[in-house]
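Let me begin by presenting the structure, written as structure tokens, before commenting on it.
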């Protein structure tokens with residue numbers, strides 16, 4: 001063997017042991033998408049806490065493994081597989097709900113209970129998208145998991161798809177979080193289209209003060225009401241209200257502080273990274289993923305419209321009119337959609353502050369989407 | 001990837017038939033109804049919650065009114081003991097105008113200690129020399 005042959009053989013061996021040899025165009029596209037997420041998070045500040053872990057996870061998940069090496073989330077015994085276990089088995093979403101509960105202040109909802117109905121109306125997006133997905137050939141289980149994207153709640157979407165359609169989990173999670181990040185882009189045109197200028201200028205009365213006793217009793221009784229009607233929601237709703245009780249009872253401040261800071265941060269990092277790492281091009285880049293993205297957009301738009309139109313419907317019967325813009329916050333996506341309501345409202349009247357009013361349907365939307373997920377799970381699991 | 005696109009596009013078939021099955025429109029309608037029902041019950045509960053809380057935390061019924069003057073009357077023996085103690089302490093003509101119990105806010109022990117402390121180093125007046 002000549003020196004040239006020896007070097008060529010070694011170079012070929014080296015090439016075969018690098019990621020370049022297994023790199024396909026799909027992997028490169030996904031790596032660019034991951035880099036795009038990171039760019040959007042850092043430069044545009046679109047949901048950075050989610051898009052940075054997801055974006056980097058996408059890049060990690062699309063580095064091809066060398067033959068004989070097991071690296072990805074889909075291969076047994078890998079580190080990523082163990083981390084992905086929390087996604088696959090639906091462990092991370094309830095923990096995130098615990099943290100969300102420990103952060104959430106239900107006071108605005110308690111002070112104006114009728115606004116809770118807007119959070120229910122927005123769930124029309126979930127069920128109409130479910131029907132839409134059925135008509136184009138998805139199974140009922142897949143359609144349910146796709147429809148929940150309209151709930152605009154990433155953990156709920158991941159939880160339900162891990163139970164009903166694990167094969168679609170990556171696409172559904174990416175779609176849900178992408179649309180949550182794009183709330184400021186998707187919602188305003190729909191809000192302006194469906195409301196008049198006079199409606200957008202409606203002012204609402206300030207909320208009343210809510211007593212500590214009300215805030216303590218609410219999570220316990222609301223949990224009982226919701227889960228007796230939809231037992232499938234017991235995990236998500238249970239953790240949400242448990243976290244809220246930790247916050248409101250004021251004798252477990254240390255637990256509430258941990259739940260809403262360190263714990264939720266750790267779980268968010270793991271969840272975002274693992275979801276990103278599951279978007280391996282060979283599993284992710286399929287026509288079905290594109291369909292899921294399209295259906296997710298429809299779901300989001302219909303949910304926004306559902307909340308808005310129901311607010312207008314309620315105004316037909318109310319003496320004290322509500323600003324229909326706050327109906328758009330019923331899609332959950334806490335607190336982004338409430339912030340969008342505030343921004344759109346202030347474009348019409350800079351002295352009108354809708355943020356606190358919008359938080360009521362916003363947190364009601366979290367409860368509504370968790371109940372919707374519970375119903376879909378209990379009905380479609382078998 | 002192109003292959004998977006072609007495979008998937010061939011598998012996408014639009015049909016309204018699934019809507020009429022058990023997992024179609026009936027499930028969607030039932031789902032919306034349950035979501036609304038749950039949240040309507042939550043609304044009803046939140047509406048009555050302030051009244052429930054008011055009932056729970058209502059102040060205990062007021063005690064029957066008693067004559068404040070009657071409560072203030074001390075037994076004669078106690079009055080005699082207090083008068084004797086004051087006479088022994090003051091050692092000059094005096095008149096007891098009012099007797100009241102000390103409350104924690106009065107800091108009785110601190111006050112007494114401070115009085116004794118001040119009296120312990122009283123500086124005599126020059127004109128008494």
* **Index of the failed condition, residue A:109 passing every other in (1) at pLDDT 90 or above; (2) within 11 Å of chain B (Cβ to nearest Cβ); (3) more than 16 Å from the chain's Cα centre (by Cα); (4) surrounded by 22 or more Cβ atoms within 10 Å (Cβ to Cβ)** => (1)
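Suppose the filter is more than 14 Å from every other protein chain (Cβ to nearest Cβ), farther than 21 Å from residue A:292 by Cβ, within 24 Å of the chain's Cα centre (by Cα) and surrounded by fewer than 24 Cβ atoms within 10 Å (Cβ to Cβ); does residue A:46 pass it?
no
Inside region A:319-344, can you point out the residues that are in contact (Cβ under 8 Å) with a residue 12 or more places away in the chain and not in a helix (DSSP H, G or I)?
Answer for region A:319-344, where residues must be in contact (Cβ under 8 Å) with a residue 12 or more places away in the chain and not in a helix (DSSP H, G or I): A:320, A:321, A:322, A:323, A:332, A:333, A:334, A:335.
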* Condition broken by residue A:167, with the remaining ones in (1) closer than 26 Å to residue A:308 by Cβ; (2) surrounded by fewer than 20 Cβ atoms within 10 Å (Cβ to Cβ) satisfied -> (1)
* Can you tell me which residues in region A:307-318 are over 18 Å from the mean Cα position of the chain (by Cα) and either touching a residue at least 24 places away in the same chain (Cβ under 8 Å) or part of a helix (DSSP H, G or I) (or both)? -> A:308, A:309, A:310, A:311, A:312, A:313, A:314, A:315, A:318
* Asked: Which residue pairs have Cβ atoms under 6 Å apart, sit 6 or more places apart or on different chains, and have a first residue in region B:3-26 that is at the interface with chain A (Cβ under 7 Å from one of its Cβ atoms) and a second that is assigned to a loop (DSSP other than H, G, I, E, B) and at pLDDT 80 or above?
  -> B:4/A:286; B:8/A:286; B:12/A:136; B:12/A:137; B:13/A:137; B:14/A:136; B:18/B:24
* Asked: Taking region A:121-156 only, how many residues are assigned to a helix (DSSP H, G or I) and farther than 19 Å from residue A:363 by Cβ?
  -> 18
* Can you tell me how many residues in region A:115-162 are surrounded by 24 or more Cβ atoms within 10 Å (Cβ to Cβ) and either without any contact (Cβ under 8 Å) to a residue 12 or more places away in the chain or more than 7 Å from chain B (Cβ to nearest Cβ) (or both)? -> 29
* Would you mind stating whether residue A:258 is more than 9 Å from chain B (Cβ to nearest Cβ) and outside any helix (DSSP H, G or I)? => no
* **Only listed residue being at positive phi and not in a helix (DSSP H, G or I), chosen from A:250, A:279** => A:250
* Asked: Identify, please: which residue in region A:15-36 is away from chain B (no Cβ under 14 Å) and modelled with pLDDT of 90 or more and is, among those, nearest to residue A:71 (Cα to Cα)?
  -> A:31
* Would you call residue A:266 surrounded by 20 or more Cβ atoms within 10 Å (Cβ to Cβ) and at pLDDT 90 or above? -> no
* Asked: Quick one: is residue B:97 surrounded by 10 or more Cβ atoms within 10 Å (Cβ to Cβ) and at pLDDT 80 or above?
  -> no
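The values are calculated or read from the model by the stated rules, or taken from the named source; none is laboratory data. Because the structure is a prediction, the values reported are computed rather than measured. Cβ sites come from the backbone with ideal geometry, for glycine too, and all protein chains shown count toward neighbours.
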